[in-house]
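The values are calculated or read from the model by the stated rules, or taken from the named source; none is laboratory data. Because the structure is a prediction, the values reported are computed rather than measured. Every residue, glycine among them, receives a Cβ derived from its backbone with ideal geometry; neighbour counts consider all protein chains shown. For accessibility, only protein heavy atoms count, side chains too; no ligands or nucleic acids. Shrake-Rupley method; radii C 1.70, N 1.55, O 1.52, S 1.80 Å.
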Amino acid sequence: QVQLVESGGGLVQAGDSLRLSCAASGRTFDRITMGWFRQAPGKEREFVAGISWSGQSTYYADSVKGRFIISRDNAKNMVYLQMDSLKPEDTAVYYCATASSFATVIRGEFDYWGQGTQVTVSS
């Protein structure tokens with residue numbers, strides 16, 4: 001099992017940027033597919049982005065494509081989500097999560113996730 005701790009959320013204005021970080025521990029991190037999903041109040045969980053264990057493959061939801069970038073540093077056991085041109089509709093709790101494969105992360109199927117970090121974008 002892997003433990004995940006997200007950080008970097010906050011309150012920003014529309015058009016601003018934020019960088020979320022996720023610290024992982026407990027398993028061989030560099031063989032784990034990772035991703036981010038979010039959940040806004042009263043809404044279903046929404047896949048945001050995924051990255052293969054090597055970092056060579058990434059995948060994004062249409063709603064964030066061109067604005068968000070997922071990356072990882074296997075030497076530091078970290079995953080990041082750079083979020084630019086934020087919109088009020090990006091407001092949600094963001095979760096870092098593991099997936100069993102790149103195919104499953106694309107389907108938004110996650111195995112473990114952290115406590116989440118709140119992102120609030122004001123208009």
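Restricting attention to the range 110-123, the residues that are open to solvent by less than 50 Å² (accessible area, probe 1.4 Å) and of a type in the set (F, W, Y) total 1. For the range 81-99, check the following and say yes or no: at least one residue is out of contact with any Gly (no Cβ under 8 Å at 6 or more places or on another chain) and without any contact (Cβ under 8 Å) to a residue 24 or more places away in the chain. No: the range 81-99 contains no residue that is out of contact with any Gly (no Cβ under 8 Å at 6 or more places or on another chain) and without any contact (Cβ under 8 Å) to a residue 24 or more places away in the chain. The residues of the range 107-123 that are over 18 Å from L11 (Cα atoms) and under 11 Å from the mean Cα position of the chain (by Cα), listed by number, are W113, G114. Looking across T91, T104, T98, one residue alone is touching a strand residue (DSSP E or B) at 6+ places or on another chain (Cβ under 9 Å) and under 18 Å from L11 (Cβ atoms). It is T91. Considering only residues that are within 17 Å of L4 (Cβ to Cβ) and aromatic (F, W, Y), look in the range 39-76 and name the one that is surrounded by the most Cβ atoms within 10 Å (Cβ to Cβ). If we take residues in the range 39-76 being within 17 Å of L4 (Cβ to Cβ) and aromatic (F, W, Y), then F47 is surrounded by the most Cβ atoms within 10 Å (Cβ to Cβ). For the range 30-38, does any single residue satisfy the condition of being part of a loop (DSSP other than H, G, I, E, B), more than 12 Å from the chain's Cα centre (by Cα), surrounded by 14 or more Cβ atoms within 10 Å (Cβ to Cβ) and modelled with pLDDT of 95 or more? So far as the range 30-38 goes, no, none of its residues is part of a loop (DSSP other than H, G, I, E, B), more than 12 Å from the chain's Cα centre (by Cα), surrounded by 14 or more Cβ atoms within 10 Å (Cβ to Cβ) and modelled with pLDDT of 95 or more.
Looking only at residues in the range 77-109 that are modelled with pLDDT of 95 or more, assigned to a loop (DSSP other than H, G, I, E, B) and open to solvent by 60 Å² or more (accessible area, probe 1.4 Å), the one that is farthest from T120 (Cα to Cα) is S85.
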